[in-house]
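Asker: Supplied in structure tokens, the structure appears directly below.
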2 protein chains.
Amino acid sequence: MPHVVIIGGSDAGIAAALRARELDPASEVTIVVADRYPNFSICGLPFYLSGEVGDWHALAHRTVLEIENEGVRLLLDHTATSIDPIAKVASLSNREGSTQNLMYDRLIIGTGAESIRPKIDGIDLPGVFVLRWMDEAFAMQRYMNERQPRSAIVVGGGYIGMEMADALTYQGIDVTVVEFFDSVLTTVDPEFSGKVRTELEAHGVRIATGIAVTGIVPSGDKLVISGSNNFSAAGDMVLVAVDARPNSRLALSAGVETGLKGAIKVDRFMRTSVPDIFAAGDCVETWHRLLNSYTYMPLGTTAHKQGRVAGENAVGGNRKFQGSLGTQAVKIFDLVAARTGLRDPEASAAGFDPFTVEFETWDHKAYYPGAEELFIRLTGNRTGKELLGAQMLGHKRSEVSKRIDVFASAIYNRMRIDELNDLDLSYTPPLSSPWDPIQMSAQAWSRRLSELIPH
Amino acid sequence: MPHVVIIGGSDAGIAAALRARELDPASEVTIVVADRYPNFSICGLPFYLSGEVGDWHALAHRTVLEIENEGVRLLLDHTATSIDPIAKVASLSNREGSTQNLMYDRLIIGTGAESIRPKIDGIDLPGVFVLRWMDEAFAMQRYMNERQPRSAIVVGGGYIGMEMADALTYQGIDVTVVEFFDSVLTTVDPEFSGKVRTELEAHGVRIATGIAVTGIVPSGDKLVISGSNNFSAAGDMVLVAVDARPNSRLALSAGVETGLKGAIKVDRFMRTSVPDIFAAGDCVETWHRLLNSYTYMPLGTTAHKQGRVAGENAVGGNRKFQGSLGTQAVKIFDLVAARTGLRDPEASAAGFDPFTVEFETWDHKAYYPGAEELFIRLTGNRTGKELLGAQMLGHKRSEVSKRIDVFASAIYNRMRIDELNDLDLSYTPPLSSPWDPIQMSAQAWSRRLSELIPH
């Protein structure tokens, strides 16, 4: 009857707890949660702030009661301040400052990541927000209720920046996105970021790229952002969504080894360098299935998987994390952009010999009403012809996200691009074509490659 | 410079021709097409007859010119009447009755299937139709234009029957479906057919099951159908959509071996029993990847794949057909029903030890607006825990068809059900959950199975 103590009540921590209890009903499982919102879908915050989710309670994947009914003990509003890995004790303190020690047999660290607050003047002004945890969303929501902002500036054109540009526009707020790089959504190729930018602008979002933000100053009721190239823009509020970093302070107190960006080093069994301490989620290095090495790539889906593995192994299991492919999807207004595996430059950097082809078709037979354009960028290895990555862009009703998942399943199984044609995929004219766009893009890839090779 | 002669201008024939030309630009390729509609999407006929596709020309995957531009010669309105496999000659006749002989180096038979006209009295009456080829659709369309039917009876509750019930309802026609078996859409489990029936009835379609139709008689302007259990129903038109059988008459004239339901026997390279004669599509037995044996299962997707393999091998290739999983999807009003692999009874019959679990969830996070119920029935092998099959039912906007394709890809790669949890599938709240429903159903399957095993 091991006592498993889990630090962190978000995706990784909860997945670990539920899995431990499922496999070993005799195990004692305690989760230490820094706020009072265990198992909340922080990926849902943009939809709460857009007003599409009316009641924030709905963001809970499970209620406290549901978690407790699984035999999991929750210590809400408690923070773990340090770990003694020899005595196997976690020191906790609550909001009132009272402390306690918690003995563990196995510890799982799932402390997640935190938003980076870049060192720019004015970042701490009222009306300037970052967004990751519930409390940060509540602060922003309160401000929006009180001030009724007409305009907002979003610093950072990544996933959160894009979703929040959509969300704030949905609220009737005038949005300007300021991005350091030359394009928004740099997680996809520039050909696709350009289309995402067009979609944003079509919905009235202003985009400024290649801008290094240097400061924020109040001016009357407004906040004025200034940046490189004499950039200046004013808004009623500012959201800074530039990047996240692993929260590994607690792990360091236990002497756990860290690596990339300060993330906790783990093996494929989610064990840290310290005996009986596991870690999972946004605070750890993630093994990449194709790169065959570790990366830092915080994603909720990965956190769930890693947590599940850690939970299983904490009660004596021997499960191996099978790796991430960086699969992700984001809805921006009516578009969905998705990717899995490696992009061309990433594949090159990893020593592959990539070849990338863009293919454009319809999401279903064009004769059936409502066909939408679908864009696929396929990356494969020139030599072995293995599928290395796919990016897809299309309408939110074009099954983009599950089409990318077919690619993800193919990469998982190390399929060659040509083999995609052998997959028995479903077809009905309102939803696809006899060769699904997935397969058409595979055929286009092979054709283009063979055109390059003299006969 | 081989001369490849292809008999049949539908999915298999065209795929074969294009592949042969792609791989061997020196090859001479002739397709003999029985009508003047090569490469038409016959799967699109219900949407033409519903009025959703205004112009039938749009049903062409490619125009005659586009096919000819690929270097393929088309002989329209020509039928192959016999094959001499020793002299390697196909005898053709056109509509006017004039004949010609066509020499071949390789022959590909892609003569497809034909609708079964059951032996019931009155089947040949005006106003009674079958539906497979363009001419049959035109005949039906003409009748509908002239007679403006208010009511129709559809005999057969399979895919075509279901799509036509939807299509005719879309035209404002009152539809009754008469089915021999106890449920419509017997390609999925009764739990799902029941939901499909509810969807049909919600749209005003009347369903009569367990009825053996015995005759059709004219009565005034109506056609009256009678059947077992004193069934009787009257309508302005009748569509008989009970089943299809392979069209293998031509193959028999060449001495080609046939098997199941009279379908042409082929090996994995799509070679028939006669040298230099290949066959593909709805006229052949299809190798099933999981059953490891042949079945008769005519599907457009399979026809394309088999045709492509036949075309490649006809110009000297060595490509193997990788088998079908019977993956299919159908939209019926707002529902999509899809399946891949084996259902429980099919798996049992094939010697597996199947276990099937039904799982119900939302297509995406319920807090995001528009979440719809999604039903999954998962079949796995009790002993090795391999995934054997999946059925899914949900809203047409719930990415059902590409979700089933993730299962199809998993079965293709012989994954265990538990391994589905390792797939790195995409997630964004408007489109999925951190564990996709695919993975939730896999977890439910494992949980239910372990509950059956005493600890």
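The values are calculated or read from the model by the stated rules, or taken from the named source; none is laboratory data. Note that the coordinates shown come from a computational prediction; the quantities given were computed from them, not determined experimentally. Note that we place each Cβ from the backbone using ideal geometry, even for glycine, and neighbour counts take in every protein chain shown. Just so you know, the surface numbers come from the protein's heavy atoms only, side chains and all, with ligands and any DNA or RNA stripped out. Shrake-Rupley method; radii C 1.70, N 1.55, O 1.52, S 1.80 Å.
Asker: Tell me, what is the 1.4 Å probe accessible area of B:C43, in Å² to the nearest 10?
Answerer: 50 Å²
Asker: Calculate log10 I(q)/I(0) of region A:1-55 for q = 0.15, 0.16, 0.20, 0.26 Å⁻¹, where I(q) comes from the Debye formula with a single equal point scatterer on each Cα and nothing for solvent.
Answerer: Per q value, in the given order, log10 I(q)/I(0) is -0.51, -0.56, -0.72, -0.96.
Asker: Run through every distinct alpha carbon pair of region B:45-149 and return the Kirkwood hydrodynamic radius in angstroms, one decimal place.
Answerer: Working: mean 1/r = 0.0585 Å⁻¹.
Result for region B:45-149, one decimal place: 17.1 Å.
Asker: Counting only protein heavy atoms, what percent of the accessible surface of the protein assembly as shown is carbon or sulfur at a 1.4 Å probe? Write out the running numbers ahead of the final one.
Answerer: Numbers: 16620 of 33780 Å².
On the protein assembly as shown, the fraction of accessible area on carbon and sulfur atoms equals 49 percent.
Asker: Put A:S82, A:S348 in order of accessible area, largest first, 1.4 Å probe: what do you get?
Answerer: A:S348, A:S82
Asker: Ratio of chain B's C-alpha Rg to 2.2 N^0.38 Å, to two decimals?
Answerer: Numbers: Rg = 23.3 Å, N = 455, 2.2 N^0.38 = 22.5 Å.
Compared with the compact-globule rule of thumb, chain B sits at 1.04.
Asker: On a 1.4 Å probe surface of the protein chains, which of A:H288, B:H203 comes out largest in accessible area, and what is the full order? Intermediate values should be presented prior to the final figure.
Answerer: Values: A:H288 5, B:H203 75 Å².
The most accessible residue leads, giving B:H203, A:H288.
Asker: Buried by at least 10 Å² relative to the chain on its own: which residues of region B:410-427 qualify, computing accessible area with a 1.4 Å probe on protein heavy atoms?
Answerer: Buried by 10 Å² or more upon assembly, which counts only protein chains, are B:Y412, B:N413, B:M415, B:D418, B:E419, B:N421, B:D422, B:L423, B:D424, B:L425, B:S426, B:Y427.
Asker: Compute the distance from the alpha-carbon center of region A:370-392 to that of region B:404-455, in whole Å.
Answerer: 24 Å
Asker: Let me ask something additional. Please report, for B:D353, the nm distances (one decimal) from its label point, 7 Å out from Cα along the beta-carbon direction, to the equivalent points in the remaining copies, shortest first.
Answerer: Sorted ascending, the copy-to-copy spacings read 4.8 nm.
Asker: For label points placed 7 Å from Cα toward Cβ, what is the shortest-first list of nm distances from A:E191 to its copies?
Answerer: Relative to the other copies, A:E191 has label-point distances of 4.4 nm.
Asker: Here's another thing I want to ask about it. Taking the solvent-accessible surface of protein heavy atoms with a 1.4 Å probe, what is the per residue accessible area of the protein assembly as shown in Å²?
Answerer: Details: 33780 Å² over 910 residues.
Per-residue value: 37 Å².
Asker: For the A and B pair, go ahead and give the buried accessible area with a 1.4 Å probe, both sides summed, in Å² to 100. List each step's numbers first, then the result.
Answerer: Working: alone 19870 and 19900 Å², together 33780 Å².
Counting protein atoms only, the buried area is about 6000 Å².
Asker: Oh, and also: Got the B:R150 label distances to the other copies yet, label 7 Å along Cα→Cβ, in nm, shortest first?
Answerer: 6.0
Asker: Could you tell me whether region B:304-415 comes out rounded, prolate or oblate from its Cα gyration tensor? Rule is a ≥ b ≥ c as square roots of the eigenvalues, rounded for a/c under 1.5, then prolate if a/b exceeds b/c, otherwise oblate. Please report the intermediate quantities before stating the final value.
Answerer: Numbers: a/c = 2.63, a/b = 1.44, b/c = 1.82.
Here region B:304-415 falls in the oblate category.
Asker: Compute the distance from the alpha-carbon center of region B:1-62 to that of region A:1-50, in whole Å.
Answerer: Each part reduced to its Cα centre gives a spacing of 56 Å.
Asker: Roughly how far apart, in whole Å, are the Cα centres of region B:251-324 and region A:144-189?
Answerer: 55 Å
Asker: How large is the charge dipole for the protein assembly as shown, taken about the Cα centre, if only the Cβ atoms of Lys, Arg (+1) and Asp, Glu (-1) carry charge, to the nearest 20 debye?
Answerer: On the way: 88 positive and 112 negative charges, 261 e Å.
Approximately 1260 debye in magnitude.
Asker: What fraction, in whole percent, of alpha-carbon pairs in region A:380-425 exceed 18 Å separation? Write down the numbers at each step before the final one.
Answerer: Values: 309 of 1035 pairs.
The answer is 30 percent, as a whole percent.
Asker: Determine by what factor the alpha-carbon radius of gyration of region B:358-455 differs from 2.2 N^0.38 Å, reporting the quotient. Mind showing how you got there, number by number?
Answerer: Values: Rg = 13.3 Å, N = 98, 2.2 N^0.38 = 12.6 Å.
So the Cα radius of gyration is 1.06 times the expected 2.2 N^0.38 Å.
Asker: Roughly what % of DSSP beta bridges within chain B run antiparallel, to the nearest 5?
Answerer: 65 percent
Asker: For the protein assembly as shown, what does the equivalent ellipsoid look like in terms of its semi-axes, each the square root of 5 times an eigenvalue of the Cα gyration tensor, given largest first in whole Å? Could you put the intermediate results ahead of the total?
Answerer: On the way: eigenvalues 581, 176, 162 Å².
Ellipsoid half-lengths, sorted descending, are 54, 30, 28 Å.
Asker: What pairs in A:K396/B:K305; A:K365/B:K331; A:K88/A:K305; A:K305/B:K365 have C-alpha atoms more than 23 Å from each other?
Answerer: Details: A:K396/B:K305 29 Å; A:K365/B:K331 14 Å; A:K88/A:K305 25 Å; A:K305/B:K365 18 Å.
Going by Cα-Cα distance, A:K396/B:K305; A:K88/A:K305 fall outside the 23 Å limit.
Asker: With all protein chains present and a 1.4 Å probe, how do B:V242, A:V205 order by accessible area, largest first? Provide the component values of the computation, followed by the final result.
Answerer: Values: B:V242 70, A:V205 5 Å².
Result, largest first: B:V242, A:V205.
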